[in-house]
1. Would you be able to tell me the number of residues in the stretch 269-297 that are within 10 Å of the chain's Cα centre (by Cα) and in a helix (DSSP H, G or I)?
2. Every residue in the stretch 359-380 that is more than 16 Å from the ligand (Cβ to nearest atom) and of a type outside the set (Gly, Ala, Ser), please.
3. What number of residues within the stretch 301-322 satisfy the criterion of being open to solvent by 10 Å² or more (accessible area, probe 1.4 Å), within 20 Å of ALA140 (Cβ to Cβ) and among the aliphatic types (A, V, I, L, M)?
4. Do any residues in the stretch 108-136 that are under 19 Å from GLN4 (Cα atoms) have Cβ atoms under 8 Å from those of residues that are among the basic types (Lys, Arg) and part of a loop (DSSP other than H, G, I, E, B), where the two are at least six apart or on different chains, and which pairs are they?
5. Within the stretch 169-184, is there a residue that is free of Cβ contacts under 8 Å to residues at least 40 places away in the same chain, part of a loop (DSSP other than H, G, I, E, B) and over 25 Å from TYR293 (Cα atoms)?
6. Any residue at all in the stretch 252-263 that's crowded, with 18+ Cβ neighbours inside 10 Å, outside any helix (DSSP H, G or I) and within 13 Å of the ligand (Cβ to nearest atom)?
7. Please count how many residues of the stretch 275-300 are of a type in the set (A, V, I, L, M, F, W, C), open to solvent by 10 Å² or more (accessible area, probe 1.4 Å) and within 13 Å of the ligand (Cβ to nearest atom).
Amino acid sequence: MQKQRAIVIGGSIGGLFAANLLERQGWRVQVYERVADDLAGRGAGIGTHDELFAIMRELGIAMDESIGVRVAERVCLDERGAVIHRLAWPHVMSHWVRIYRPLRERLAPDSYHAGRSFVEFTDDDGELVAHFDDGSSARADLLIGADGLRSTVRACLFPDVQPLYAGYVGWRGIVEESTLPPALQEQLGNSYYFALPPGEMLVCYPVPGRYWNYVWYRPTLDDAELTDLASDATGPHVRPGLAARLKAIARSALAPQLAEVVERSQPFFQAIYDVETPRIAAGRVVLLGDAAYVARPHVGMGVTKAALDAASLCRSLESTKDIDAALARYVRLRGEFGRRCVRRGRRLGAYIEARARPHLAWPPGALDQSPERLLREIGATLAEIPELGIDL
Ligand SMILES: Cc1cc2nc3c(=O)[nH]c(=O)nc-3n(C[C@H](O)[C@H](O)[C@H](O)COP(=O)(O)OP(=O)(O)OC[C@H]3O[C@@H](n4cnc5c(N)ncnc54)[C@H](O)[C@@H]3O)c2cc1C
């Protein structure tokens, strides 16, 4: 019998999970990735979940200690460096590449096409044809859009859906621990830190290889400031003047321990967006990961959500020979999950957005910036979030 064929657009985390899982189920899968170089150089620290590791194990990926760094507690520091709140929080922090690399290596080299940009699809009497910017095309029974925040597959299905800017950016940096003063290394230990300047949030945590990763969420004045930041980036990093300004603000607004980490970094930034897709499948075209829904990173679930979407899609396809029935099941299960993630991200980031957009009507509860709440809710595990953990 001829194998069923899937085309995956996007060769990052979501696309690789889907491709590996479908291949294991006997599908013939081809992945098309716009970026020509290896993606391993991108990404930074990520929070992990047991559910993510379970899917990796299912694929036969050995999970040893090198996958992450164990943190035992969360600590919130004020601007003088004093502890204002502590919370026991056993968790594994990893790095994007530790998830990406084994997934990429498992895929046969001739199933992964780097440097091929998807443009549109057509339907040729029930067979899907994906068209690429070099004029080539490929045919399949199923087209999977795993092409991220600015998904072209989503745009083909829903041209009106645009990512909504949340009014703030996440300044990020990663610093080799050995470059920090020995006393500071000892003081930081293996904890997960928070700083909460008014209307802002910084999280800072260790990642594998003995690095410290931070994300500092700060409002921009308006869309023009965002455009200005983006246009001034040189490579992945921002221009030196901007980095110097950020470091100066760090010295006055953050605990000296955390300001020191920022000081030694080469900052870059990611604008924070919400994306909600009306429906995550149409015909034989399906969306997953950030192509389907983007929840603000405070949910700490982007990578796990992409993996869970892929697993749910593959289980749905495994459970029936009827692809349309399988996709209907997938839409039911993962659509609601994605919408809930987006809502949760909006709620957790509301107090930061409110500083950027004070003219909007914010209910007082939305502005709660208390460390007691945030240390508990940011990047919580699925089991700790009843609204996401329930079996939809
Ligand atoms: C500041 C910040 C912090 C974050 N922290 C965390 C965290 O702690 N934990 C966590 O789990 N997640 C985190 N995330 C989210 C996480 O990075 C993403 O949710 C996750 O990478 C989604 O994977 P994906 O495969 O769906 O999309 P992506 O990783 O965006 O991949 C999409 C791929 O599609 C390719 N592509 C795009 N268009 C085309 C095209 N036309 N043709 C071919 N290929 C194309 C792209 O090049 C890309 O490789 C964070 C995000 C941000 C912004």
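1. Looking only at that region, the number is 3.
2. HIS359, LEU360, TRP362, PRO363, PRO364, LEU367, ASP368, GLN369, PRO371, GLU372, ARG373, ARG376
3. Number satisfying all stated conditions: 1.
4. LEU128/ARG284
5. No; the residues of the stretch 169-184 include none that is free of Cβ contacts under 8 Å to residues at least 40 places away in the same chain, part of a loop (DSSP other than H, G, I, E, B) and over 25 Å from TYR293 (Cα atoms).
6. Scanning the stretch 252-263, I find no residue that is crowded, with 18+ Cβ neighbours inside 10 Å, outside any helix (DSSP H, G or I) and within 13 Å of the ligand (Cβ to nearest atom), so the answer is no.
7. Of the residues in the stretch 275-300, 2 are of a type in the set (A, V, I, L, M, F, W, C), open to solvent by 10 Å² or more (accessible area, probe 1.4 Å) and within 13 Å of the ligand (Cβ to nearest atom).
A quick yes/no check of all residues on (1) touching a Gly at 6+ places or on another chain (Cβ under 6 Å); (2) closer than 16 Å to TYR32 by Cα; (3) of a type outside the set (A, V, I, L, M, F, W, C); (4) not assigned by TED's automatic domain parsing to the domain that holds VAL261:
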position	(1), (2), (3), (4)
ASP110	no, yes, yes, yes
HIS113	no, yes, yes, yes
HIS131	no, yes, yes, yes
SER136	no, yes, yes, yes
ALA140	no, yes, no, yes
ILE144	no, yes, no, yes
PRO159	no, no, yes, yes
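The values are calculated or read from the model by the stated rules, or taken from the named source; none is laboratory data. Treat the numbers as computed from the prediction; the structure is a model and nothing was measured. Please note: Cβ atoms are built from the backbone with ideal geometry, for glycine as well, and neighbour counts cover all protein chains shown. Heads up: the accessible areas ignore ligands, DNA and RNA and are worked out on the full protein's heavy atoms, side chains in. Shrake-Rupley method; radii C 1.70, N 1.55, O 1.52, S 1.80 Å.
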